Structure formats: structure tokens, C-alpha cells
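*Asks:* Below you'll find the structure I mean.
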Amino acid sequence: MTALLDDPLDAAAMLRAGALVAFATETVYGLGADARNAHAVAGIFEAKGRPHFNPLICHFATAEAAWAEVRPDARALALAEAFWPGPLTLVLPRRADCRIDLLAGAGLDTLAVRVPAHEGALALLRAADTPIAAPSANRSGRVSPTTSAHVMEELSGRIAAVLEGGECEVGVESTVLDLAAGGAALLRPGGIPVEAIEAIIGAVGRSLKLSDAAPPTLRSPGMMLSHYAPSLPLRLDAAEVAADEALLAFGPPLPGAGRVFQLSETGDLREAASRLFAGLRMLDQPGLRGIAAMPVPGEGLGAAIRDRLSRAGAPRTASNSG
């Protein structure tokens with residue numbers, strides 16, 4: 001049963017306990033989880049039925065809190081000064097000591113961050129005292145919600161609570177700007193016009209989000225066929241493993257591997273999702289010739305896990321490697 005809450009303190013307590021709580025921002029309602037809690041972040045993908053591990057936007061109470069997790073350049077600082085709190089998301093490099101869970105950033109070395117301009121959202125962020133990862137609070141592929149009733153229609157029974165925040169003022173998602181690779185690329189138009197951004201930092205490249213079938217051309221969240229794959233070759237659906245291979249196990253592990261990381265001994269897909277990127281990084285060490293990934297079922301979160309493994313194991317070329 002999904003609760004409808006009025007008090008940000010109650011919602012914050014649920015978030016800190018690992019629950020999913022939808023909340024209003026000035027753009028749309030977001031489906032929030034503690035961005036430092038891997039199991040909670042995996043629950044976002046499960047609740048939305050999200051087919052891929054796309055990067056999530058991490059929300060902060062202040063710009064300073066965001067800068068503790070990512071490395072801003074002069075352009076990011078100027079844009080934050082002009083538009084935060086507000087409907088602008090900046091994609092920036094993760095700090096080496098970043099505490100945001102890897103799954104929230106889809107395993108990339110970047111994070112999408114913003115400070116929302118909604119007093120209820122800011123009160124929740126202050127009370128929770130943790131960054132909140134939050135895509136739109138709707139089932140994947142459905143219309144984004146701008147009232148608590150919309151969220152209840154989409155996600156009732158799938159999440160713990162909705163924090164009532166009234167109708168969203170902007171009603172469209174935030175503008176997403178990638179500053180991580182040196183240039184400036186518009187990944188999604190939204191609540192801040194690109195012309196207003198260009199008035200501060202100069203020309204911004206326009207880029208549409210690529211479909212899975214399109215040839216990837218831009219290094220940015222969710223747009224690469226093979227991004228941040230392990231340096232070791234990865235093979236899927238392994239039925240056996242050699243002594244000079246690492247094993248990404250799901251369920252009882254295959255015998256004989258040189259190194260093993262267990263996604264979920266009990267076959268729990270949410271646990272496996274929460275551990276996927278940490279596992280790939282742990283296994284990607286010198287001394288072995290490759291990584292063998294045991295089969296993962298294709299239903300529910302398993303589809304997202306298999307999608308990410310397929311991308312990680314895709315042949316790397318100059319056009320698709322991140």
C-alpha cells in the first residue's frame with residue numbers, strides 16, 4: 001500500500017530506511033531513493049519497469065552538496081549561480097571519492113546533478129541529509145506525472161509513499177547539459193531554454209538521445225552501445241569457466257574460476273542489479289584473460305542487467321567505446 005504523506009520528515013525517514021518515495025519538484029514528480037543506497041537505487045528501475053540502466057539525476061539541497069560528489073568547471077559554477085535552484089541538470093565528472101552509488105550513474109564516470117526549485121523537494125533533501133536519485137515517477141515509457149494523483153495512478157502499490165507537493169509549476173523535465181567531455185552538449189531540452197544557457201557559456205552543441213539501434217556518436221550517459229566496459233573481455237551466459245577467467249556469478253557459482261564476484265547467491269534480481277557495476281569493477285583486474293558472466297533471466301530487472309552486460313561485452317571500436 002502506497003502512503004500519501006504531507007510531512008517531509010516522514011518521507012525523509014522512509015528514504016533513509018531504503019524505501020522509494022515520490023516527491024514533487026518544479027518540473028515533474030520524481031521517484032526518489034537514497035542515491036548512496038545500492039539496493040534502493042535498484043528499486044527505482046524495478047518499480048518503473050525501466051528496461052535499461054540509464055543514468056539517474058541526483059538531486060541535492062545545495063550546489064555545494066553537489067560539488068562534493070562531482071567536479072565542476074568554471075562553466076558549471078556560472079550556470080549553477082544563474083539557474084540553481086532550478087530546472088537545469090549538469091552532467092559532470094565524478095570525484096574520485098564520490099559516495100553516490102555506481103548504479104545511479106549507470107556505471108559511468110559522470111553524474112547528472114541538479115538542485116530543484118521546489119520548497120517541498122528542498123525540505124525533503126535537507127531532512128533526508130543525503131542526495132536523492134530520482135527519475136520521473138511514472139512507469140517507463142509513460143507520460144511524466146505533474147500531480148500526486150498521477151503518481152498514484154502509475155505506481156500505487158509499487159513504492160512506499162508519495163509526498164504531496166501540489167501541481168508542478170514547470171510541468172516538463174529539466175534541461176540536461178553535458179559538460180563532462182570538455183565541450184557543452186544539450187542532451188535534453190527542458191525547463192531552461194538553451195539560449196539562456198548560451199548567453200552565459202557560449203555555444204552549446206545540440207544532440208538528440210540516440211535509440212539503441214542508432215550508431216552511437218557521443219560519449220554521454222545512456223547514449224553509448226559500449227560505455228565504460230571492463231578492460232577485460234566479457235562473455236555472457238557462461239556455462240563453464242576457466243582458471244584464468246574471472247566469474248560474475250548469479251546463483252551457485254561455477255567451479256574453477258580464478259576470481260569470483262557473486263551478484264546474488266539466491267537469484268534475487270534486485271540484489272544482482274544493485275551489485276552489478278561494483279562487480280564488474282572488482283573483477284576487472286590484471287592477471288586474468290577475461291570475465292565470464294553466468295546467465296541471468298531476462299524478465300523484470302534481469303532485462304536491464306542483461307542489457308548492460310551486452311553493452312559491456314560489445315566489441316569496442318572508435319565509434320562506440322566510452
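The values are calculated or read from the model by the stated rules, or taken from the named source; none is laboratory data. None of the values given here were measured: they were computed from a predicted structure. Backbone-built Cβ (ideal geometry, glycine too); neighbour counts: all protein chains shown.
*Asks:* Can you name every one of the strands (runs of 3 or more DSSP E) wholly within segment 241-308 that holds 2 or more residues which are of a type in the set (A, V, I, L, M), modelled with pLDDT of 90 or more and within 29 Å of THR110 (Cβ to Cβ)?
*Replies:* Values: elements: 245-249, 259-262, 290-293.
Qualifying strands (runs of 3 or more DSSP E): 245-249, 290-293.
*Asks:* Give me the pairs: first residue in segment 282-299 and assigned by TED's automatic domain parsing to the domain that holds GLU245, second residue surrounded by 16 or more Cβ atoms within 10 Å (Cβ to Cβ) and in a helix (DSSP H, G or I), beta-carbon distance under 6 Å, and six or more apart or on different chains, which are they?
*Replies:* ILE291/LEU283; ALA293/LEU309; VAL296/GLY302; VAL296/ILE305; VAL296/ARG306; GLY298/ARG306
*Asks:* Something else now. Of all residues in segment 38-62, which are touching a residue at least 60 places away in the same chain (Cβ under 8 Å), at negative phi and more than 12 Å from the chain's Cα centre (by Cα)?
*Replies:* HIS39, GLU46, ALA47, LYS48, PRO51, PHE60, ALA61
Matching residues to (1) out of contact with any Pro (no Cβ under 6 Å at 6 or more places or on another chain); (2) polar (S, T, N, Q); (3) closer than 18 Å to ASP268 by Cα:
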| position | (1), (2), (3) |
| --- | --- |
| ALA17 | yes, no, no |
| THR25 | no, yes, no |
| TYR29 | no, no, no |
| ALA33 | yes, no, no |
| ARG36 | yes, no, no |
| ILE44 | yes, no, yes |
| HIS52 | yes, no, yes |
| HIS59 | no, no, no |
| ALA68 | yes, no, no |
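*Asks:* Based on what the data block shows, is LEU5 in contact (Cβ under 8 Å) with a residue 12 or more places away in the chain and farther than 15 Å from ALA161 by Cα?
*Replies:* Against the criterion (in contact (Cβ under 8 Å) with a residue 12 or more places away in the chain and farther than 15 Å from ALA161 by Cα), LEU5 does not qualify.
*Asks:* Something else now. Would you point out which residue out of GLU64, GLU26, GLU69, GLU81 is farther than 17 Å from ALA117 by Cα and acidic (Asp, Glu)? Explain how you work it out, then say what you get.
*Replies:* Details: GLU64 fails: farther than 17 Å from ALA117 by Cα; GLU26 fails: farther than 17 Å from ALA117 by Cα; GLU81 fails: farther than 17 Å from ALA117 by Cα.
The conditions single out GLU69.
*Asks:* Residues in segment 142-155: is at least one touching a residue at least 60 places away in the same chain (Cβ under 8 Å), in a loop (DSSP other than H, G, I, E, B) and more than 21 Å from PRO55 (Cβ to Cβ)?
*Replies:* Checked segment 142-155: at least one residue is touching a residue at least 60 places away in the same chain (Cβ under 8 Å), in a loop (DSSP other than H, G, I, E, B) and more than 21 Å from PRO55 (Cβ to Cβ).
*Asks:* Then there is this: Could you check segment 7-74 for helices (runs of 4 or more DSSP H) lying wholly inside it with 2 or more residues that are over 24 Å from GLY191 (Cβ atoms)? Full working, then the answer.
*Replies:* Values: elements: 8-16, 38-48, 63-67.
Because the criterion is at least 2 residues that are over 24 Å from GLY191 (Cβ atoms), the helices (runs of 4 or more DSSP H) in segment 7-74 that meet it are 8-16, 38-48.
*Asks:* Residue under question is ALA318, and the condition is that it be modelled with pLDDT of 95 or more and of a type in the set (A, V, I, L, M); does it hold?
*Replies:* Taking the combined requirement at face value, the residue does not satisfy it.
*Asks:* OK, next. On the given criteria, is PHE83 assigned by TED's automatic domain parsing to the domain that holds ILE132, modelled with pLDDT of 95 or more and surrounded by fewer than 24 Cβ atoms within 10 Å (Cβ to Cβ)? Steps first, please.
*Replies:* Numbers: assigned by TED's automatic domain parsing to the domain that holds ILE132: yes; modelled with pLDDT of 95 or more: yes; surrounded by fewer than 24 Cβ atoms within 10 Å (Cβ to Cβ): yes.
So PHE83 passes the test.
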